[in-house]
Amino acid sequence: MAEILEIIMLVCFGLSWPISVYKSIKARTAKGKSPLFILLILTGYIAGISAKIMTGSVSFVLAVYFLNFIIVAVDLGVYFYNRKKKKKRLSAETALKSDSAQQQPCKA
């Protein structure tokens, strides 16, 4: 029974993360994301995986832990990708503004 409850918990988390990844990709922004929070979740999955291995409870539940870990890691990757893209957009906008300001004639 405990393993079934654990699977339900993992499935619920497992369904939430792909939705988060999808929204991050679609929004093309890192706004509202916390890399520290995502790292804490990853640390929790590492602890869970380690506990399963150390206790010899290697079953298909372990595969769900690994799958969830991978999805959360992808979410972290999307965060850094979106953050990098935003920095590039901001620097391009800044360059355009400075070029535009230099091209305008002075009013006397």
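Taken over the stretch 27-36, the residue count meeting the criterion of being loosely packed, with under 11 Cβ neighbours inside 10 Å and among the hydrophobic types (A, V, I, L, M, F, W, C) is 1. Restricting attention to the stretch 53-64 and to residues that are in a helix (DSSP H, G or I) and modelled with pLDDT under 90, the residue that is surrounded by the most Cβ atoms within 10 Å (Cβ to Cβ) turns out to be V64.
Please verify whether I49 is assigned to a helix (DSSP H, G or I), touching a helix residue (DSSP H, G or I) at 6+ places or on another chain (Cβ under 6 Å) and either over 15 Å from A73 (Cβ atoms) or touching a residue at least 24 places away in the same chain (Cβ under 8 Å) (or both), treating the condition exactly as stated.
It is false that I49 is assigned to a helix (DSSP H, G or I), touching a helix residue (DSSP H, G or I) at 6+ places or on another chain (Cβ under 6 Å) and either over 15 Å from A73 (Cβ atoms) or touching a residue at least 24 places away in the same chain (Cβ under 8 Å) (or both).
Report whether or not L36 is of a type in the set (A, V, I, L, M), in a helix (DSSP H, G or I) and within 12 Å of the chain's Cα centre (by Cα). Spelling it out, L36 is indeed of a type in the set (A, V, I, L, M), in a helix (DSSP H, G or I) and within 12 Å of the chain's Cα centre (by Cα). Restricting the stretch 1-26 to residues that are closer than 16 Å to K85 by Cβ and free of Cβ contacts under 8 Å to residues at least 12 places away in the same chain, the residue that is surrounded by the fewest Cβ atoms within 10 Å (Cβ to Cβ) is K26. Condition (residue is polar (S, T, N, Q), part of a helix (DSSP H, G or I) and over 30 Å from L90 (Cα atoms)) applied to the stretch 15-25: is it met by at least one residue? Yes, the stretch 15-25 has at least one match.
The values are calculated or read from the model by the stated rules, or taken from the named source; none is laboratory data. These figures come from a predicted structure and were not determined experimentally. Backbone-built Cβ (ideal geometry, glycine too); neighbour counts: all protein chains shown.
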